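Below is one structure, written out as structure tokens; comments come after it.
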Amino acid sequence: MSYSPNLTYFLDRLQGFSTNIFRLETNGSDSATANKIIRFSLPSNALLNMRSFALHFNAKTTAASAGARLPAKIDSLIERVEVTAGGIQLSQGLNLYNVLRHAKDALMGDKTNSVCGHPDIIRTISPVDGFGFVDTNDANAAILSGTKGERYPSTNKQAQFVVNHWEGFIGTCEPKIVDAAILPDLVVSIYLADNNVLTTSAGVAKEGAGTSDLTDAGAGGAAYELNNIHATIESIGLADAVYDNMVSSMIAQKGFIEMPFKQYISFNNTHSGSTRFSVATQCLDRVWVAFRADSYATQAAPIRVKGYRDNTGSEYLGLLDTEKEKYVGPYYNFVEPGTSSKNTYQLQLNGAYYPQFAATAEEMYAISKNSVLGAYNEQNKSLHQYKNNYFVMCARLNMPESEFARNLSGLNTRSVSLNGYFNTANTTGSPNVVIFCECTSTLRIGSGRMLEVIT
């Protein structure tokens, strides 16, 4: 016989628990530029809270004459994240990690840390230092005047920016507290993005306010540099051997223990009515689709998000919290393709259609909202903004909220590789399309630190 927890007085005590935060230095230089790799070795023989892993650094643009800006969301500077154990890839990461982060935030709500995450492209006033961009280490730097780039002080090992939300193994492995003692040495490799994620502007005035505005393209050639790079992670200690004995007995009884985590496979192509993708996985949970203009990779000026302030004010008269400025870079601007009448969208998975009808953008948004049920956060966003700046679609193929119960219920395509197509009707032009296949992989850990990754 049992009673509801609401009717019982019950308390568990965990004796001998301790926790602390450790600073991790890079396996190399503490500065980096575009397309470089940053590596960290995680502590061994410790219980690690993987969700607490945070990357700290100072960032600045290095082409002072380009009117350069760092992108909105500081993790936009990350192209790929890879985790290895003893040289074996646990999570190989995906190219376009930064695009995935923007796409998921467009549907699920922004996960960026507003204090240290650089959530917006900045015109002249920076929330980081409270007024303009100043680099006290650079004799030529001054408060931004239109020709300067975006710079911040880096003296005394200052690091203003933090990335602490992660996709892939770090952010989704279960359990989130990993016993590093049963694994070979863990290494996190972070690949930095190309300089084309930056924007350049001819001036700093609001749109239409002067001869040179923030939304007018600059000379290009902007670059960025990271300094004072380090990481932090939480380590947990237990005073007795109960946990160790439990893990050992589970491995002895079954031969291994399992840790599920998310993997993403990306496809990047020019869309002309139908785009093909193929994936072989034990559990295909979701398919994400985002469109960008065909010139997305050309370094250009920021794009004002529809409805937000320009020189004359807000198009929406302040509705939906638009009485402020908001910009997005071309690399992360998701826009609905042009149309000859009314666009429709549909997935074809080995001959099966999802949804069972050609859906409009409005219908696909409703389907996408249902596809991220449990993780969706309601946002102040209009249909106008969705189609012009945040046009991302998602199709869920697993049981609702199954991830929270550690259930694998998505499509198993290992025996017959999935041939998928994303089909559209009435679209015009040749936009760029990015497709992400969200899969659940499993790490099996056996005795003697033997590993097996099931994708």
Exercise. With each pseudo-label sitting 7 Å past Cα toward Cβ, what's the Glu363-Thr62 distance in nm, one decimal?
Worked result: 5.1
For this session: Find the accessible area per residue for the chain; the probe is 1.4 Å, ligands and nucleic acids are left out, and the unit is Å².
Result: 44
Problem set entry | Spin-label pair Arg444/Val242, simplified geometry with 7 Å Cα→Cβ offset, distance in nm | 3.0
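Using the Cα atoms of the chain to build a convex hull, what is its mean projected area in square nanometres? Let's see the in-between values first.
Values: hull surface 104.4 nm².
Mean shadow area of the hull around the Cα atoms is 26.1 nm².
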For this session: Provide Val242, Val335 ordered by accessible surface of protein heavy atoms (probe 1.4 Å), highest first.
Result: Val242, Val335
Exercise. If you add up the charges near Asn27, with Lys and Arg at +1 and Asp and Glu at -1, over every other residue whose beta carbon is less than 12 angstrom from its beta carbon, what do you get?
Worked result: -2
For this session: Would you kindly find the accessible area of Asp75, with a 1.4 Å probe and non-protein molecules such as ligands, DNA and RNA excluded, rounding to the nearest 10 Å²?
Result: 10
Problem set entry | DSSP loop trypsin sites (Lys or Arg not before Pro) with at most 11 other Cβ within 10 Å excluded, longest remaining stretch of the chain | 14-323
Exercise. So which chymotrypsin sites (Phe, Trp or Tyr not before Pro) in the stretch 5-52 pass both tests, a DSSP loop state and at most 13 other Cβ atoms within 10 Å of the Cβ?
Worked result: Tyr9, Phe10
For this session: Convert each backbone phi in the stretch 421-434 into a coupling constant with the Karplus relation 6.51 cos²θ - 1.76 cosθ + 1.60 (shift: θ = phi - 60°), then list the ³J(HN,Hα) values in order as whole Hz, x for Gly and Pro.
Result: 9, 9, 10, 10, 10, 6, 6, 10, x, 10, x, 7, 10, 10
Exercise. Along the Cα-to-C-beta direction of Asp12, a point sits 7 Å from the Cα; which residues of the stretch 167-181 have their amide N less than 18 Å from that point?
Worked result: 174-179
Problem set entry | 3J(HN,Hα) from dihedral phi, the stretch 336-351, Karplus parametrisation 6.51/-1.76/1.60, rounded to Hz, x for glycine, proline | 5, x, x, 9, 8, 8, 9, 5, 10, 9, 6, 8, 10, 10, 6, x
Exercise. Can you give the helix-only mean residue ellipticity at 222 nm for the chain, where every DSSP H stretch with n ≥ 4 adds -39500 (n - 2.57) and the sum goes over all residues, rounded to the nearest 500 deg cm²/dmol?
Worked result: -3000 deg cm²/dmol
Problem set entry | Cut-off 20 Å, label 7 Å out along Cα→Cβ of Asp321, residues of the stretch 48-91 by amide N | 72-75
Exercise. Roughly speaking, to the nearest percent, how much of the chain's 1.4 Å accessible area is carbon and sulfur?
Worked result: 51
Problem set entry | Equivalent ellipsoid, the stretch 146-305 (semi-axes from 5 times Cα gyration tensor eigenvalues, Å) | 44, 26, 11
Exercise. If amide H atoms are built 1.01 Å from N in the plane of the peptide, which residues on other chains or at least 5 residues away come under 5 Å of the amide H of Thr339?
Worked result: Thr428
Exercise. Which distance in nm do the two modelled labels at Asn311 and Ser278 give, with both placed 7 Å along the Cα-to-Cβ direction?
Worked result: 5.4
For this session: Would you work out the charge dipole size for the stretch 259-347 about its Cα centre, treating the Cβ of every Lys and Arg as +1 and the Cβ of every Asp and Glu as -1, and quote it to the nearest 20 debye?
Result: 220
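The values are calculated or read from the model by the stated rules, or taken from the named source; none is laboratory data. Note that the structure is predicted; figures quoted are calculated from it, not measured. FYI the Cβ positions are ideal-geometry reconstructions off the backbone, even for glycines, and counts take in every protein chain you see. We work out accessible area using only protein heavy atoms, side chains counted, and drop any ligands, DNA or RNA first. Shrake-Rupley method; radii C 1.70, N 1.55, O 1.52, S 1.80 Å.
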